[in-house]
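Asker: Dumping the structure here so I can ask a few things about it.
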Amino acid sequence: MDLRGIGYIGFETPDPKAWLDYGPNVLGMQVGKNPEGDGESVFMRMDDRRYRIALHKGKVNRMAYMGWEALGRIAFEEAAEILKENKIAFEYGDDELVTRRGVRNLLRFKDPVGYQHEIFYGQKFDPGTFMPGRPHTGFSTEARGFCHAVLMTPDFDKIDGFMQNVMGMNWYGWGAGKGKTGFYRTRHNDKTSHDVGYGMAPGRIGLQHIGIFVNNMRDVGETYDLVKEKELQLMMTLGQHTQDPHLSFYHFSPSGWAVETIAEHEPWPGDPFELNPEKLSIWGHELVGPILGPSVMTVEEMAQYDK
């Protein structure tokens with residue numbers, strides 16, 4: 001599939017309104033406009049797109065859908081044919097959903113683990129209108145899209161073939177942490193190691209963290225200070241990863257999943273061979289909080305919210 005990356009991502013949370021302060025005043029995002037008839041959701045802008053993050057009222061903190069951006073109409077139609085050829089059940093969005101998402105068209109399907117994916121093209125945008133919620137140099141979305149997400153899966157074998165053979169993703173490799181996390185990126189992503197990661201967690205499922213790229217290391221530092229000032233739970237301190245040597249830190253959002261704020265300290269070296277680093281980070285990234293937040297739960301617990 002000819003996908004650029006994650007164009008938008010949607011979540012369920014009992015308190016979307018918590019992001020009205022957290023999104024702009026901690027992360028530096030801009031509050032977006034709500035679609036007509038949807039007064040409960042909260043939308044976050046990271047650039048001139050209508051939104052990149054959507055938070056909908058729900059019973060539990062979890063990812064609701066991940067929107068992959070096709071290069072255009074032809075790529076979108078080809079993606080539908082690939083799903084048909086692989087006997088993956090999908091449905092096109094109706095006019096109401098297409099309007100709410102602010103796209104030309106979209107289709108929806110689930111991966112073998114049960115996560116909801118969407119493929120779309122033509123998201124609404126308005127040039128020169130992004131205004132960060134606080135002093136901030138902005139987000140690196142032009143080539144990377146929203147950025148990345150790491151999801152937990154009780155069965156990795158099911159997802160591996162699907163991501164490579166159906167979604168057409170490039171395999172990057174395993175993470176260097178103590179767990180087993182496989183990383184994938186779209187064939188058009190030559191800027192970062194992964195658009196999505198699936199971590200092995202026997203008997204458990206849910207969103208572990210999202211990653212967002214900022215334009216400047218100062219943005220990482222100022223966000224770090226704000227997180228500490230507001231006494232938000234840190235997961236990992238400032239550090240520099242080994243596999244993709246960027247500066248980042250992890251903290252927990254008000255909705256229970258972690259957010260990694262990232263700046264490019266050194267260009268991503270690519271992957272001419274599968275890397276196998278000795279350790280997760282060159283420096284820093286001390287684990288000072290839980291590695292899995294309340295957005296990760298047992299399969300049985302998550303299933304009760306699907307009824």
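Asker: Tell me which of these P269 doesn't satisfy, since it passes every other one: (1) touching a Ser or Thr at 6+ places or on another chain (Cβ under 6 Å); (2) assigned to a loop (DSSP other than H, G, I, E, B); (3) at negative phi.
Answerer: So P269 meets the others, but not (1).
Asker: For residues that are without any contact (Cβ under 8 Å) to a residue 60 or more places away in the chain and not hydrophobic (A, V, I, L, M, F, W, C), scanning just the stretch 264-279, find the one that is surrounded by the fewest Cβ atoms within 10 Å (Cβ to Cβ).
Answerer: By that ranking, first place goes to P272.
Asker: Where residues in the stretch 272-307 are among the acidic types (D, E) and part of a loop (DSSP other than H, G, I, E, B), which of them is farthest from Q233 (Cα to Cα)?
Answerer: Filtering the stretch 272-307 for residues that are among the acidic types (D, E) and part of a loop (DSSP other than H, G, I, E, B), the one farthest from Q233 (Cα to Cα) comes out as E274.
Asker: If you take the residues in the stretch 131-162 that are of a type in the set (V, I, T) and in contact with a Ser or Thr (Cβ under 7 Å, 6 or more places away or on another chain), which one is farthest from A54 (Cα to Cα)?
Answerer: I159
Asker: Follow-up question, since we're still on this one. Looking at N34, N61, can you tell me which residue is under 20 Å from V113 (Cβ atoms), of a type outside the set (D, E, K, R) and touching a strand residue (DSSP E or B) at 6+ places or on another chain (Cβ under 9 Å)?
Answerer: N61
Asker: State the number of residues belonging to the stretch 81-115 that are under 17 Å from Q164 (Cα atoms) and assigned to a strand (DSSP E or B).
Answerer: Residues meeting the conditions: 2.
Asker: Return yes when R144 is within 15 Å of the chain's Cα centre (by Cα), among the charged types (D, E, K, R) and farther than 21 Å from F252 by Cα and no when it is not.
Answerer: yes
Asker: Can you work out which of the residues in the stretch 132-180 that are touching a strand residue (DSSP E or B) at 6+ places or on another chain (Cβ under 8 Å), farther than 27 Å from T223 by Cα and charged (D, E, K, R) is surrounded by the most Cβ atoms within 10 Å (Cβ to Cβ)?
Answerer: So, considering only residues that are touching a strand residue (DSSP E or B) at 6+ places or on another chain (Cβ under 8 Å), farther than 27 Å from T223 by Cα and charged (D, E, K, R), the one surrounded by the most Cβ atoms within 10 Å (Cβ to Cβ) is D160.
Asker: Then there is this: Consider only pairs whose beta carbons are under 8 Å apart and that are at least six residues apart or on different chains; among these, list those whose first residue lies in the stretch 32-53 and is within 14 Å of Q123 (Cα to Cα) and not assigned by TED's automatic domain parsing to the domain that holds L20 and whose second residue is among the hydrophobic types (A, V, I, L, M, F, W, C) and crowded, with 19+ Cβ neighbours inside 10 Å.
Answerer: If the second residue must be among the hydrophobic types (A, V, I, L, M, F, W, C) and crowded, with 19+ Cβ neighbours inside 10 Å, no pairs are left.
Asker: Now for a different question. When residues of the stretch 31-70 are filtered for being part of a strand (DSSP E or B) and touching an Asp or Glu at 6+ places or on another chain (Cβ under 9 Å), how many remain?
Answerer: Going through the stretch 31-70 one residue at a time, the tally reaches 12.
Asker: Can you find even one residue in the stretch 190-201 that is surrounded by fewer than 21 Cβ atoms within 10 Å (Cβ to Cβ), modelled with pLDDT of 90 or more and not hydrophobic (A, V, I, L, M, F, W, C)?
Answerer: no
Asker: Sort out which residues of the stretch 112-130 are buried (at least 20 other Cβ atoms within 10 Å of the Cβ) and either touching a helix residue (DSSP H, G or I) at 6+ places or on another chain (Cβ under 6 Å) or farther than 26 Å from E81 by Cβ (or both), and write them in order of number.
Answerer: I119, Y121
Asker: Moving to a separate point now. Among the listed residues R185, R218, which satisfies the condition of being of a type outside the set (S, T, N, Q) and surrounded by fewer than 22 Cβ atoms within 10 Å (Cβ to Cβ)?
Answerer: R218
Asker: Determine, yes or no, whether R185 is touching a Gly at 6+ places or on another chain (Cβ under 6 Å) and among the basic types (K, R).
Answerer: no
Asker: Let me ask something additional. Restricting to strands (runs of 3 or more DSSP E) lying wholly in the stretch 191-263: which have 2 or more residues that are in contact (Cβ under 8 Å) with a residue 60 or more places away in the chain?
Answerer: The strands (runs of 3 or more DSSP E) meeting that bar are 196-200, 204-213, 258-263.
Asker: Still on this model: When you look at T261, is it more than 19 Å from Q164 (Cβ to Cβ) and in contact with a Pro (Cβ under 6 Å, 6 or more places away or on another chain), yes or no?
Answerer: In short, no.
The values are calculated or read from the model by the stated rules, or taken from the named source; none is laboratory data. What you are looking at is a predicted structure, and each value in this text was computed from that prediction instead of being measured. A quick note on method: Cβ atoms are made from the backbone with ideal geometry, for glycine too, and the neighbour counts reach across all protein chains shown.
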